[in-house]
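Following: one structure in structure tokens, then a few remarks.
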Amino acid sequence: MQPLLHLNNVSKRYGAVRVLDGIDITVADNEFLTILGPSGSGKTTILRIIGGFEGIDGGSLMFEGRDLSAVPINRRPFNTVFQDYALFHHMTVAENVGYGLKVRGRPKAEIAKRVAEVLDTVGLGTLGGRYPAQMSGGQRQRVALARAIICEPRLILLDEPLSALDVELRAQMQRFLKSLQRRLGIAFVFITHDQEEAIALSDRIIVVNRGRIEQEGAPEELYRRPRTPFTASFLGDNNLIPGTLAAVDGRLCTVDTAAGLLDATVDGPAPATGSAVLVAVRPEHVRLDADPAAPHGLSAEVADVRFLGANVMIELLNPALPGAVIKVRRLADGSVAGLRPGASVRLRWAADDAALLQMAP
Amino acid sequence: MKQKAPFLDALLGLVAGVGLIALYAPLLATAALSFFQIVRVRGKLGFAPFSLDPYVALLANGEILAALSTSLVVATMSSLLALVLALMFAFYFVSARRGLGIAMQTMVFLPFLLPPIITGLSLLIAFREIDLGRGLVTIIIAHVVFIVPVVYRTVLVRLQLLGSSLTEASLDLGASRVQTLRYVILPQMRPALISGVLLAFAISFDETLITLFVAGSQTTLPIRLWAMMRVGFVPEINALATLIFLCTAAITFAIGLMQRAGERV
């Protein structure tokens, strides 16, 4: 099926600085796609290129198979929700929301009707007569959304729209955004640096780092099966243990580390044996075995036990892995009640829960 | 907490007070003399009782009224023309490459910063070279030349403050450049536009030296005032000076209000 939007091998530079390099992104109809990356990764530049605020230096930008690179901002069938909302402060909320229809020369009666509908959709039914300065941050956010959806774009671009809101409001707006996207059936391209937000909202996440795509996939896939050290450590907590690949048997890999042989699984083609790799295992996937002499796994000494309510976070050290703190998250039940710093334990995990990562070349 | 320094506060107050008195005493004296004329009674100087006679005489003076109307026409026309030019220069400055923008800005500022006598003289020579007869048109051109920088500065500051995000939002919603200018940029800049025009109006209204070079047979109010002084002092001069002062003060006050309104947007 032809994608709605296709960025094909896009590159962009500012002077001598290459900000995007070989970016390939497709957006499907009705999809909630998140572009996730740290600040300076180039994610906002990607959004500005789609919106038409920036040109590209290489590659192509296609919308339903048509080349978009020569189409100006105001002729692209997309609308943007800006990070600072960029509301027109001299207009009322209703005038802000109706602006897109007004500049298209629609009749006043039609504009008034659509504005009322859209304000209802975003839950601001009675506030059309107010000015943006008279509204709270969350309400302004909804005005910006209403203004973006009124022209029924094929795609909405959202540039870290929740970053200015406090934690509680942010969670509420996340639920609202997700349900709005479902109801409207419009593709959302959402930019954020917040991995929890990305996981909670997205159908698909593209992880960007230093102007390149690190990995893309469904949130669960990215979380469970990271393929690069960056993705493994940027999305949630991860223990990364370095070693060399000793043996491969199908998906199952044996990694020779300073602390002994460890099991992991690989997605796609395995690297050559003998190459430098990392074993990535989530703190919640590590099991503790009180018998330090049990076969397989990693022996370690408890350094710290932190009670977090439902969970405990246990930090452990292995003398063969200097500087590496191994983190283990367990339910705070009886099995960890007696655990004290200084205790020797054995750490084990299912090979399926440990991802083999190739070191960056 | 603000530190209290009574001695320093008192000293600053004193300096400011003396400064203000030095600035305003001559104006107050002029205003007072326009209401209470000095008269010689049996060989002694004294003040006449309160009277509006100089103002009545002023309004009856056809030459002064003609000069006033010339001044109003010149100030209105030149400040509006300057506004249009200043807007164009300011838009150019924010969109052009930095070097070109600064070169343009220097050229805009120079006529204002040069000694008026140089600006006036060069305008006079230029008008003669292109064979433009001196009169209302040359006065307006000359005024535009030296008030554009003032409007430009006011407009540019506001434009830079607006930034690009509102323009981007407007284009993103499907508006053309012209619609963006009309519905978003100009309304957001209105306080700056009004205060720029008022400032330009006040400066144009008061300008004398450059106008002298290019006026030809036309007479603006300051030139009329200058001419009256040369042939001998009459009480109307005090009245006229007082009126000009009051008008300028009112305009300045209005500019202050506009700038506060601009900060709120």
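No value in this document is a laboratory result; all are computed from the given coordinates. These numbers come from a predicted model, not from an experiment. Note: ideal-geometry Cβ built from the backbone for every residue, glycine included; neighbour counts use all protein chains shown.
Grab the DSSP H runs of the protein assembly as shown that are 4 residues or longer, score each as -39,500 (n - 2.57), total them, divide by all residues and round the 222 nm result to the nearest 500 deg cm²/dmol. List each step's numbers first, then the result.
On the way: 20 runs with 292 residues, N = 626.
Rounded to the nearest 500, it is -15000 deg cm²/dmol.
What whole-number volume per residue, in cubic angstrom, does the convex hull of the C-alpha atoms of the stretch B:113-265 give? Write out the running numbers ahead of the final one.
On the way: hull volume 20.7 nm³, N = 153.
Spelled out: Cα convex hull of the stretch B:113-265, divided by residues, is 135 Å³.
How are the C-alpha pair distances of the stretch A:140-210 spread across 5 Å bins, as whole percents from the shortest bin up?
3, 14, 31, 27, 16, 8, 1
Taking springs between alpha-carbon atoms closer than 10 angstrom, which of B:Ile194, B:Ile139, B:Ile21 fluctuates most in the Gaussian network model of chain B?
Looking only at B:Ile194, B:Ile139, B:Ile21, the biggest GNM fluctuation is shown by B:Ile21.
Can you give the net charge of the other residues whose Cβ lies under 12 Å from the Cβ of B:Ala86, counting K and R as +1 and D and E as -1? Walk me through the numbers on the way to the answer.
Numbers: positive: B:Arg153, B:Arg158; negative: none.
Taking every other residue near B:Ala86 into account, the sum is +2.
How fast does the protein assembly as shown diffuse by Stokes-Einstein, in µm²/s, taking the Kirkwood radius from C-alpha pairs at 37 °C and 0.692 mPa s?
Translational D for this selection: 105 µm²/s.
Wrap a convex hull around the Cα atoms of the stretch B:204-265, take a quarter of its surface area, and give that in square nanometres.
Projected area, direction-averaged: 5.4 nm².
Given springs between every Cα pair under 10 Å in a Gaussian network model of chain A, which of A:Ala218, A:Ala247, A:Ala109 has the largest fluctuation?
Answer for the Gaussian network model of chain A: A:Ala109.
Direction-averaged shadow area of the convex hull around the Cα atoms of the stretch A:257-361, nm²?
Values: hull surface 29.8 nm².
Value for the stretch A:257-361: 7.4 nm².
Starting from 0 in steps of 10 Å, tell me what percent of the Cα-Cα pairs of chain A lands in each bin.
5, 21, 25, 21, 15, 9, 4, 0, 0
Percent relative contact order of the stretch A:5-224, based on C-alpha pairs within less than 8 angstrom and at least six residues apart?
30
Could you list the square roots of 5 times each eigenvalue of the Cα gyration tensor of the stretch B:144-226, that is, the equivalent ellipsoid semi-axes, sorted largest first and rounded to whole Å?
Those come to 38, 11, 9 Å.
Specify the longest stretch of chain B that does not include any exposed loop site, a site being one of the trypsin sites (Lys or Arg not before Pro) with a non-H, G, I, E, B DSSP assignment and at most 11 other Cβ atoms within 10 Å.
On the way: sites that count: B:Lys2, B:Lys4, B:Arg42, B:Arg97.
That gives B:98-265 as the longest site-free run.
Grab the other residues whose beta carbon is less than 15 angstrom from that of B:Leu243, score K and R as +1, D and E as -1, and report the net.
With Lys, Arg at +1 and Asp, Glu at -1, the neighbours total -2.
Would you mind listing how long chain B runs along its three principal axes, going by Cα atoms, in whole Å with the largest first?
82, 67, 31
Pull out a ≥ b ≥ c, the square roots of the eigenvalues of the alpha-carbon gyration tensor of the stretch A:45-170, then state rounded if a/c is under 1.5, prolate if not and a/b is larger than b/c, and oblate in the remaining case.
oblate
Decide, for the stretch B:1-153, between rounded, prolate and oblate: order the square roots of the alpha carbon gyration tensor eigenvalues as a ≥ b ≥ c, take rounded if a/c falls under 1.5, and otherwise choose prolate if a/b is larger than b/c, else oblate.
oblate
Over all alpha-carbon pairs of the stretch B:6-47, lay out the pair-distance distribution in 5 Å bins, whole %, shortest bin first.
Going from the shortest bin to the longest, the percentages are 5, 20, 13, 14, 12, 11, 9, 7, 5, 3, 1.
Would you mind computing Rg(Cα) / (2.2 N^0.38 Å) for the stretch A:166-247, counting N as its residues?
Working: Rg = 15.2 Å, N = 82, 2.2 N^0.38 = 11.7 Å.
Compactness ratio reported: 1.29.
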